[in-house]
1. In µm²/s, what is D for the stretch 295-361 at 20 °C and 1.002 mPa s, where D = kT/(6 pi eta Rh) by Stokes-Einstein and Rh is the Kirkwood radius from Cα pairs?
2. Would you mind getting the Kirkwood hydrodynamic radius of the chain from its Cα pairs, rounded to one decimal in Å?
3. Inverting the mean 1/r over all pairs of different Cα atoms, compute the Kirkwood radius of the stretch 309-417 and quote it in Å.
4. Averaging sequence separations of C-alpha pairs under 8 Å and six or more residues apart, then dividing by the length of the stretch 1-63, give the relative contact order as a whole percent.
5. Considering the convex hull of the alpha carbon atoms of the stretch 159-232, report its projected area averaged over all viewing directions, in nm², one decimal.
6. To the nearest 10 Å², what's Phe301's accessible area with a 1.4 Å probe?
7. In Å and whole numbers, how far do the C-alpha atoms of the stretch 221-415 stretch along each principal axis, longest first?
8. According to a simple spin-label model (label point 7 Å from Cα along Cα-to-Cβ), what is the distance in nm between Glu151 and Ile396?
Amino acid sequence: MPKIRDEIQVAPDKSISHRALMISAIAEGTSRIKNFLNADDCISTMNCLKKLGVEISNKKDEVIVKGNGLKLKESKEILDAGNSGTTVRLLSGILAGQEFLTRITGDESLSQRPMKRIVEPLEKMGACVKTNNGCLPIEIKGGNLNLIHYESKISSAQLKSCVLLAGLYADNITGFTEPEKSRDHTERMLKNFGAEVFVNGNTVSVRGKAKLRATDVFVPGDISSAAFFIIAAAIVKNSKLKIKNVGINSTRMGIVDVLRRMGSHLSIENKIEAGNEPMGDIIIESTDLKATEIKKEEIPFLIDEIPIIAVAATQANGITRITGAKELRVKECDRLRAISSELTKMGADITELEDGLIIKGPVKLNGAKVDSFKDHRIAMSLAIASLVAEGSTEIIDKECVNISFPNFWNIFGKMTK
Ligand code: S3P
């Protein structure tokens, strides 16, 4: 197995790229988005916004968005969100503030994901929303919205952002409370665009009838994409890797906390602020890992990293227990089922719980033919598992990495040559 000794940059942050497009679209004036993530999910958001009358040009190094102000234009066609939950859920908040009717569809995976969670608050605010039994296609006709204070049972940045974006169209102040604080990119960016946003613990509020001012956004590297190579360097013996310019927002740092608990040598250098988002270089060295426990309270900080943490746990000494992670069953695929079935094929000792995983390590993995279930994060997790497996691994539908990290296989190939 080749050791990993490298310095890399990973894909720009997906969550921030979506928000930059949507918030620029409803701002007044022209915004420039630098280091935008040109990947399938964010292109879905871009195409939906274009159909809603927003002028967007996608140049090599930056995306330029000519904002329409809060009011968008009626689309003649149905919007297609592709594979992207963030596109549907965030855009629905904006569409709830528009007087016309919009329909959104998506691919097979997105069409099975729950949308009821956004229907409830948007209807309470006065929008008219129809779905197919809580799933896509969704139909939204909005207008003047009422303020609400929504107490959510789940921690979800997509749901929170949906309510906050709809709140921009309501009178006075709309609030959202969640059990644990989810990623806060929407709050940070709305502030940068001039909205009045108030944060108090797990409650966020926004003042409606806002006037957003165009501004430039720099998108840092995505810690969720970095996570694959962070774990690669942690588990492949004699490795040392530097990943430059990664977003280190505290609401996304669960992966770093977990790895440190597992005994990993990880440091962060060159910390700077880039447009209200912190960024730094992550340096990671391989070491013997020990098992850890991850409970419900920590899940929102590492929601997308659980499949790759499961891979690390197969190489760690002891029993890693992950609970309170039921939300993983309604991601791009059922990620608890997918990662446990495919790592089992590779020889891992992994038990699926209703809301989590139990993984015993360390185990020598074997190469196998494994399925990504067309889920980008499963494909990339299995690729990293293959680095510590004996024999070759074939990943079905491995091109699905284009959803969030189009350059993944390139970097992977160079690194492991
Ligand atoms: C995201 C929030 C998370 C995450 C998803 C992106 C976002 O989803 O899993 O990949 O950009 O707000 P939930 O908010 O539904 O947990």
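The values are calculated or read from the model by the stated rules, or taken from the named source; none is laboratory data. Remember, predicted model here, so these are calculated numbers, not experimental data. FYI the Cβ positions are ideal-geometry reconstructions off the backbone, even for glycines, and counts take in every protein chain you see. Surface accessibility is based on the protein's heavy atoms, side chains included, excluding ligands, DNA and RNA. Shrake-Rupley method; radii C 1.70, N 1.55, O 1.52, S 1.80 Å.
1. Working: Rh = 11.6 Å.
Answer, rounded: 185 µm²/s.
2. About 21.6 Å, per the Kirkwood formula over Cα pairs.
3. 14.0 Å
4. The value is 35 percent.
5. Working: hull surface 23.7 nm².
Its average projected convex-hull area is 5.9 nm².
6. 60 Å²
7. Computed over the stretch 221-415, the largest-to-smallest principal extents equal 42, 37, 32 Å.
8. 4.5 nm
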